[in-house]
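The next block holds one structure in the form of C-alpha cells; read it before the comments.
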Amino acid sequence: MNTVAETPLKRLGSLEKNPKLAQWLRVHRDGTVSIFSGKVEIGQGIATALAQIAAEELGITPERIRMVAADTAVSPDEGVTSGSLSIQDSGAALRRACAQARTLLLKSAAARLGVSVRDLQAADGTVRTADRSTSFWECADDALFDCRVDETAALKSPRDYQVVGKPAPRRDLPDKIAGRPRFIQDITLPGMLYGRMVRPPYNFAGPVSLDDSKVKSMPGLAAIVRDGGFLGVLAEREDVAISAQRALRATASWREVDALPRDVHAWLKEHAAEHRVISEKENADAKSRAAKVLEASYTKPYISHASIGPSCAIARIDDGKLMVWSHSQGIFNLRRDLALALGMREDAIVVRHAEGAGCYGHNGADDAALDAALLARAAGGRPVQVQWMRDDEFAWAPCGPAMALSLRAALDSHGDIVDWEHELWSNGHSSRPGRADNPALLAAWHLSRAYERPSAINMPLPAGAADRNAIPIYDFPNQRVVNHYVHEMPVRTSALRSLGAYANVFAIESFMDELAQAAGSDPIAFRQRHLKDPRGRAVIDAAARRAEWSHWKPAEGRGHGIGFARYKNLGAYCAAVAEVEVGHDVRVNRLILAVDVGLVINPDGVITQIEGGAIQSTSWTLREQVRLGARGIASLGWEDYPILKFSEVPVVEVELLDRPELPAVGAGEAAQGPAAAAIANAVAHALGLRVRDLPLTHERIAVAISQST
Amino acid sequence: MAERFQLTVNGVESELEASSDTALLYALRNDLGLKGTRFGCGSGQCGACFVLIDGYPAPACDTPLWAAAGKRITTVEGLGKGGELHPLQHAFLTEQAAQCGYCTSGILISAAALLARNPRPTESDVRAALDRNLCRCGSHNRMVRAVLRAAFEIAP
C-alpha cells in the first residue's frame with residue numbers, strides 16, 4: 001500500500017479540541033464500526049462522505065460503518081456544521097483517526113496471531129497470515145483507542161482509494177424516499193405534548209396582554225405558558241395546539257418597537273458604526289496610468305432561508321435534567337446558550353441532533369429548542385414537541401443580511417485595470433448561539449427577566465463574513481476594500497449559505513463585465529488577463545469550453561454571461577456560465593458550472609451540492625426578497641415569498657476538475673456567487689443594460705430600462 | 001366538538017375521534033402514525049403534505065376531516081404494493097433525487113398522480129405536474145429525471 005505524508009494542515013481544529021482516538025470511533029464485535037462526528041446531516045450528504053473517508057482509511061466496506069447522530073453526551077465537539085468546512089474539519093480528523101486505528105488493529109491482530117504486522121494481509125476487517133486468520137472485530141477493545149490521535153499517522157495514498165472518489169449513494173435517502181419516519185418532526189415519544197408558539201410578526205418588548213378565558217376551556221389543552229412577552233401553548237393533540245395558538249394570537253397584544261426603515265440600503269449606509277479597510281495595495285506608477293474611471297452601486301435584499309419544513313424541537317425535563325432533540329447546526333453551542341437562558345448548568349443538559357428539513361444557515365432550529373425547553377418546564381416531566389408554523393419561520397428565523405456595495409475602478413489606455421475600490425455596508429452575518437455573553441436564542445429576549453439580543457457579528461478574515469470574497473482574487477496593482485459594519489439591526493440577521501460572498505461576488509463579477517465592456521474586451525479574456533491563479537484560470541476555461549462560449553449565436557432577448565470566484569478565496573473554485581432569455585421575466589435556460597474542490601470524496605455528492613447551490617442561487621437572484629412592512633417582515637407565506645418552481649429551473653451541467661493530490665474542500669457554498677453573477681451578466685448581455693439591484697425581477701428590469709432612456 | 005370519523009387510507013379502514021375541522025394531516029401523522037406526509041405551510045402552497053384523494057393530489061394540511069371521510073386516501077407509504085417500493089421510489093433512489101428529502105413525499109404523490117393519467121409524459125409535462133410542489137435544496141432536475149425514468153420502467 002502506498003502511503004503519503006500529507007502536509008500537516010495548519011490547524012486541525014477538530015483534533016485540537018477532541019484529541020483522543022476513542023472520541024472518533026469504536027470497533028464492535030459484530031463487524032461494524034461506530035463513527036462519531038460532531039458534524040450533522042442537514043441535507044448536504046455529509047454523513048455519507050464521512051463514512052466513505054472512515055471506510056477508506058480502515059480498509060473496510062462502507063456498509064460496516066454506523067454514523068452516530070451527534071449528541072453532546074457522546075460526540076466530539078466540532079463547533080458548527082457550517083461554512084463548507086465539514087470535509088476539511090471532520091473529514092481530515094476522521095481520516096487520521098481511522099488510519100491510526102487501522103494500524104493499532106493490525107498490531108493487535110499480529111500479536112494475537114504471534115506474527116509481525118508485515119506478514120498480515122487485511123481485507124474488509126479480516127486479517128490473515130498464510131494459515132490463520134483473525135479480524136478487527138475479534139481485536140475490538142476500547143483500551144486500544146485510549147490514546148491521542150497521531151496527526152502524523154501514515155495515510156493511504158489517493159492512488160489506492162477504493163471508496164473515496166467514487167459516487168456513493170446517500171445513506172439517509174432510503175428512509176426519506178420510502179416516507180419512513182426520519183425527521184425530528186416524525187419523532188413521537190410516549191406521553192408527548194404538542195406545543196405551539198404565539199408571537200406577532202413584529203419586534204416587540206415587554207409583557208404580552210391577553211384574554212385567555214376562552215382558550216383555557218378548550219378540551220385537550222394542557223397549558224398556556226406565559227413569561228413576560230413569551231407565550232406558548234401545550235395540548236394533548238397537535239390540532240388542538242394549533243387552534244389554541246390561533247385563538248390566543250387573536251386576543252394577544254404586545255408593545256411594538258423599532259419601526260423598520262423604508263429604504264434599507266440607504267439606512268445601512270447611514271448607520272455604519274465601524275469602517276475597516278480590509279485590503280490595500282498601492283502602486284503610484286500604475287495609478288498614474290488611469291485613463292477611464294467607472295463606478296457602480298449594487299444591492300442585495302434580505303433573503304429568507306425558506307426551508308420547506310419549519311423549525312421543530314423536542315424537550316423533556318426530568319429530575320432536573322434537560323434532554324433536547326434539535327436540528328441545530330451546533331449542538332454544543334446550543335447547549336451553552338440553553339444553559340444561559342434557563343439558568344442551568346451545561347452538564348445538566350444533553351442536546352441530541354435529529355435531522356430536519358434542508359438547512360442553509362442559521363434558521364429557527366436553535367430558537368425552537370429554547371421554546372421547547374421553556375414549554376417543557378410546564379409539562380410535568382412529559383416530553384414536548386414544538387413545531388413552528390410557516391409564518392413563525394418567515395417572521396422570526398434570522399434573515400440573510402441586506403447589503404449595499406459600491407465599486408469603482410480605473411482602466412488604463414490598454415484596457416487593463418490599474419485601480420480597484422470596493423466598499424460594502426452590511427449587518428453582521430452571524431448571530432449564532434455559543435458566542436455572546438447573552439443567549440442568542442429568540443425566547444430569551446422576551447422573558448420577564450429578558451436578555452438583550454446580541455447583534456450579529458462578522459467572523460474575521462481570511463474567511464470573513466460580510467466581507468467574505470470582498471477582496472478580489474484578480475491581480476490589480478492598486479486596490480482598497482472597505483467593510484462598513486452596521487451594528488444596529490432592524491431585521492434579525494445571521495448566517496445564510498455563503499454569507500457575504502453571494503453579494504460580493506455578484507458585485508465584483510458584474511463590475512468586471514462592465515469594465516470588460518468599457519475596455520472593449522470579451523468578458524472571459526478580460527478575466528484571464530487579470531488572473532494569475534492557475535486553478536482559477538482552469539475552471540474558467542473549463543466552463544467556457546463546455547458552454548461553447550466562443551460559438552454563441554446572438555438572438556433577440558437572449559444573452560450569456562460568466563461568473564467566477566474561489567469561495568472565501570481559500571476553498572473551492574467555481575466558474576459559472578448562464579444562458580438566459582428575457583421576456584416579461586428573466587428565464588435562465590442553462591447553467592454550466594466548472595468546479596475544483598481538490599480531492600473529491602463523493603463525486604455525486606459534490607455535483608448535487610453544486611447543482612443545488614446553483615439552483616438556489618438562481619431562485620435568490622431572480623425572485624427572492626424579504627418584504628418589509630412598517631411593522632415588520634411582511635413576507636409570511638409562500639405567496640409573499642415566491643421561490644423558483646420546477647418549470648422555471650434551468651438545465652444545470654456540472655464539470656468536476658479532479659485534483660486528488662490537493663486537500664479536499666467543501667462544495668456547498670461555492671456556486672452561489674458565481675451563478676448569480678453569471679445570470680446578471682447574461683441579463684445585461686441580453687438587454688444591453690445593467691440591473692444592479694437584486695433580485696432581477698420584471699419590476700427591477702423595467703426601472704433599469706426607464707432610467708436608461 | 002370531537003366526532004367519530006371513518007377514513008380509508010392506503011386501503012385500510014380506520015376510525016378516529018377528532019373535531020371535524022381537524023386537518024387530515026394530523027390525523028394521518030398522529031392518529032394513524034403515517035409520518036411520511038409532512039407539514040410545510042399549512043395552507044396548501046408547498047406540496048409537502050400532498051396525498052392522493054380519490055386519485056388526485058391534495059394538500060392534507062388544508063383538507064378537513066369532514067371532507068376526507070369516505071374518500072380513498074393514498075399516502076406515500078401506500079404508493080408501493082405488497083411491501084415493495086413504487087417504481088417512482090426506486091427511480092428516485094437510482095437518480096439520488098433528493099437532498100434533505102423533506103419535500104420528497106409530496107413530490108412522489110404528484111408524480112404518481114401524473115403517471116396514473118399520463119404514462120408517457122414529456123419533460124415539460126413532468127415539470128408542469130410538479131409545479132405545485134416546492135423544493136428548496138435544488139434537486140428539481142434529478143427528480144424530473146427520476147420521474148421520466150420511472151415512466152419508462154413502468155411503460156417502456
Checklist entry - Can you list the HN-Hα couplings for segment B:118-132, worked out from phi with the Karplus curve (6.51, -1.76, 1.60; θ = phi - 60°), rounded to whole Hz and with x for Gly and Pro? => result 9, x, 10, x, 7, 4, 6, 4, 5, 4, 5, 5, 9, 5, 7
Next on the checklist: Which residues does the label zone of A:Arg29 cover in segment A:104-143, counting backbone N under 13 Å from a point 7 Å along Cα→Cβ?
Outcome noted: A:137-142
Checklist outcome for this item: Interchain or sequence-distant (5+) residues whose placed amide H lies within less than 5 Å of the amide H of A:Asn589 are A:Glu579, A:Val580, A:Glu581
Checklist outcome for this item: Taking 0.36 nm per residue of separation between A:Ala250 and A:Leu144 and subtracting their Cα-Cα distance, the length gained on full extension comes to 32.0 nm
Next on the checklist: How shielded is B:39-47 by partner chains, expressed as the average number of their Cβ atoms within 10 Å of its Cβ atoms?
Outcome noted: 6
Next on the checklist: For a protection proxy built on the mean count of beta-carbon atoms within 10 angstrom, sort A:602-615, A:284-297, B:112-125 highest first, please.
Outcome noted: A:602-615, B:112-125, A:284-297
Next on the checklist: Quick check on packing: order A:248-254, B:26-32 by the mean number of other C-beta atoms within 10 Å, highest mean leading.
Outcome noted: B:26-32, A:248-254
Checklist outcome for this item: Check: C-alpha center segment B:50-116 vs C-alpha center segment A:37-79, spacing in Å is 31 Å
Checklist entry - For segment B:1-138, what is the charge dipole size about the Cα centre, in debye to the nearest 20, if Lys and Arg each add +1 at the Cβ and Asp and Glu each add -1 at the Cβ? => result 300 debye
Item to check | Averaged over A:631-639, number of beta-carbon atoms from partner chains that fall within 10 Å | outcome: 2
Next on the checklist: Can you compute 3J(HN,Hα) from phi for each residue in segment A:98-105, using the Karplus curve 6.51 cos²θ - 1.76 cosθ + 1.60 with θ = phi - 60°, rounded to whole Hz and x for Gly and Pro?
Outcome noted: 6, 5, 5, 4, 4, 4, 5, 5
Checklist outcome for this item: If unit charges are put on Cβ atoms (+1 for Lys and Arg, -1 for Asp and Glu) and the dipole of chain A is taken about its Cα centre, the option from A:Val225, A:Leu591, A:Pro650 lying farthest towards the positive end turns out to be A:Val225
Item to check | Unit charges on C-beta of K, R, D, E only; dipole of segment A:3-176, Debye | outcome: 280 debye
Checklist entry - Check A:Asp71: other-chain or 5+ apart residues with amide H under 5 Å from its amide H, H built from backbone geometry? => result A:His353
Checklist outcome for this item: Extend 7 Å from the Cα of A:Asp131 along its Cα-to-C-beta direction; within segment A:94-125, residues with backbone N under 14 Å of that point are A:114-115
Item to check | Label-to-label distance, nm, for residues given as B:Arg72 and B:Thr94 (7 Å Cα→Cβ offset) | outcome: 2.7 nm
Checklist entry - How many nm separate the modelled label positions at A:Val115 and B:Glu17, each set 7 Å beyond the Cα in the direction of the Cβ? => result 7.0 nm
Next on the checklist: If I ignore ligands, DNA and RNA and count only protein heavy atoms, how much of A:Met67 is accessible to a 1.4 Å probe, in Å² to the nearest 10?
Outcome noted: 50 Å²
Checklist entry - Label A:His275 and A:Ala538 with points 7 Å out from Cα along Cα→Cβ: what is the distance between them in nm? => result 4.2 nm
Item to check | B versus A: buried accessible surface, summed, Å² (probe 1.4 Å, to nearest 100) | outcome: 4400 Å²
Next on the checklist: Show me the ranking of peptides A:562-571, A:575-584 by mean Cβ neighbours inside 10 Å, starting with the highest.
Outcome noted: A:562-571, A:575-584
Checklist outcome for this item: Sorted largest first, the Cα spans of chain A on the principal axes come out in Å as 79, 78, 46
Checklist entry - When all protein chains stay in place, what accessible area (Å², nearest 10, 1.4 Å probe) is found for B:Cys41? => result 20 Å²
Next on the checklist: As a test question: what accessible area, to the nearest 10 Å², does B:His90 have when a 1.4 Å probe is rolled over all protein chains in place?
Outcome noted: 80 Å²
Checklist outcome for this item: Taking protein heavy atoms only, a 1.4 Å probe, and rounding to whole percent, the accessible area of the protein assembly as shown owed to carbon and sulfur comes out at 49 percent
Checklist outcome for this item: One finds the C-alpha centres of segment A:477-550 and segment A:335-353 to be spaced, in Å, by 42 Å
Checklist entry - From the residues A:Thr152, A:Gly500, A:Pro19, which one has its Cα farthest along the dipole of chain A in the positive direction, the dipole being from +1 and -1 charges on Cβ of Lys/Arg and Asp/Glu about the Cα centre? => result A:Pro19
Item to check | Selected from A:Leu120, A:Thr32, A:Pro62, residue furthest toward positive end of dipole (segment A:3-176; charges at beta carbon) | outcome: A:Leu120
Item to check | Proximal charge balance of B:Glu123 [Cβ under 15 Å; K/R count +1, D/E count -1] | outcome: +3
Checklist entry - Is there a simple number for the mean count of other chain Cβ atoms within 10 Å of the Cβ of residues in A:603-614, and what is it? => result 3
Next on the checklist: With +1 assigned to the C-beta of every Lys and Arg and -1 to the C-beta of every Asp and Glu, and no other charges, what is the dipole magnitude of segment A:500-709 about the Cα centre in debye, to the nearest 20?
Outcome noted: 420 debye
Checklist entry - What do you get when you divide the Cα radius of gyration of segment A:611-665 by 2.2 N^0.38 Å, with N the number of residues? => result 1.69
Checklist entry - Which ³J(HN,Hα) values in Hz, rounded to whole numbers, follow from the phi angles of segment B:68-82 under the Karplus curve 6.51 cos²θ - 1.76 cosθ + 1.60, where θ = phi - 60° and Gly and Pro get x? => result 8, 4, x, 9, 8, 10, 10, 9, 4, 5, x, 5, x, 10, x
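The values are calculated or read from the model by the stated rules, or taken from the named source; none is laboratory data. Everything numeric here is computed off the predicted structure, so don't read it as measured data. Don't worry about glycine lacking a Cβ; one is built from the backbone with ideal geometry, like all the others, and counts go over all protein chains shown. Note: areas computed on protein heavy atoms with side chains; ligands, DNA, RNA excluded. Shrake-Rupley method; radii C 1.70, N 1.55, O 1.52, S 1.80 Å.
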